[in-house]
Amino acid sequence: MTASRRVYLSLRERIVEMELLPGTRIVEKDLAEEFGTSRTPVHEAVQRLAEEGLIDVQARVGTFVSRIPLNTLEEAMLVRGALEVAIIEKAAERMTPEGIQKLNVVLERQAQCVRESNRRGFFRTDEAFHATLAELSGYPGVWQIILEVKTQIDRYRLLTLPLEGRMTEVLAEHRAVIDALASNNPKRAVRAMREHLDHVLPVLEITRRLRPEYFTV
């Protein structure tokens, strides 16, 4: 792995998982020291993240972690929803007892994160749940497309997890998806997935009021 890619992947993870919060100043010199590289790989990583909308480079002002653009979230959820529904339909057709077991293992890890109030771990197991569905559908590559689409959604989602009862609700929605798949009822599985995804954006206004500095129109 090149130094540039190593820096890029690390910074991207920190930004998406809200370790580096919107508005945080990015200083390439400091990052180069942290990663033990020259400034060139850091600059290349920053430019790539700027192209993805995760970093905002302002001439003669500075470089900052971008704020979450509200006007892109609904469109991104529309694309994600269409792809996730396609995945769940295929997964329902191919589901086996072994597949249900795989999903249950992920769900148990997620439940443990709820018990421990581990929001970052909960987010990662949430990703693993949906990635496993894509794998079981026979179209794992679709998950890679979804990952590209939902970057800004993920940043927003991490802001919603501290809301009271939010992680428990998501866990119950995942359980409903597994139960539907186990019943060999594709229509029920699609309905469960739609209901799960439909609950993502409604808490947006609450989150925006709590953290207005993290968003931009």
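The values are calculated or read from the model by the stated rules, or taken from the named source; none is laboratory data. Keep in mind it's a predicted model, so treat the numbers as computed, not measured. Counting neighbours? That spans all protein chains shown, and the Cβs are built from the backbone with ideal geometry, glycine included. Only protein heavy atoms, including side chains, enter the accessible area calculation; ligands, DNA and RNA are left aside. Shrake-Rupley method; radii C 1.70, N 1.55, O 1.52, S 1.80 Å.
Tabulated data for the structure shown
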read-out	value
Single unsatisfied condition, Thr96 versus (1) of a type in the set (Val, Ile, Thr); (2) touching a residue at least 60 places away in the same chain (Cβ under 8 Å); (3) open to solvent by 20 Å² or more (accessible area, probe 1.4 Å)	(2)
Every residue from region 177-199 that is out of contact with any helix residue (DSSP H, G or I) (no Cβ under 6 Å at 6 or more places or on another chain) and surrounded by 12 or more Cβ atoms within 10 Å (Cβ to Cβ)	Asp179, Ser183, Asn185, Arg191, Arg194, Glu195, Asp198, His199
Filtered residues of region 21-57 (kept if within 25 Å of the chain's Cα centre (by Cα), charged (D, E, K, R) and over 22 Å from Glu148 (Cα atoms))	Arg25
Filter result (in contact (Cβ under 8 Å) with a residue 12 or more places away in the chain and open to solvent by 80 Å² or more (accessible area, probe 1.4 Å)) within region 6-18	Arg6
The lone exception for Arg209 - which of (1) loosely packed, with under 15 Cβ neighbours inside 10 Å; (2) assigned to a loop (DSSP other than H, G, I, E, B); (3) of a type outside the set (A, V, I, L, M, F, W, C) it fails	(2)
Leu133 being farther than 19 Å from Leu83 by Cβ, touching a residue at least 24 places away in the same chain (Cβ under 8 Å) and open to solvent by less than 40 Å² (accessible area, probe 1.4 Å)	no
Candidate set from region 78-93 (those that are of a type outside the set (Val, Ile, Thr) and open to solvent by 20 Å² or more (accessible area, probe 1.4 Å)); member that is farthest from Glu205 (Cα to Cα)	Glu93
Some residue of region 77-100 being within 15 Å of the chain's Cα centre (by Cα) and within 12 Å of Ile178 (Cβ to Cβ)	no
Residue in region 166-179 that is free of Cβ contacts under 8 Å to residues at least 24 places away in the same chain, among the small types (Gly, Ala, Ser), part of a loop (DSSP other than H, G, I, E, B) and over 30 Å from Lys29 (Cα atoms) present	no
Pairs, first more than 14 Å from Ala3 (Cα to Cα) and open to solvent by 70 Å² or more (accessible area, probe 1.4 Å) in region 41-64, second small (Gly, Ala, Ser) and in a helix (DSSP H, G or I), C-beta under 8 Å, six or more apart	Val57/Ala50
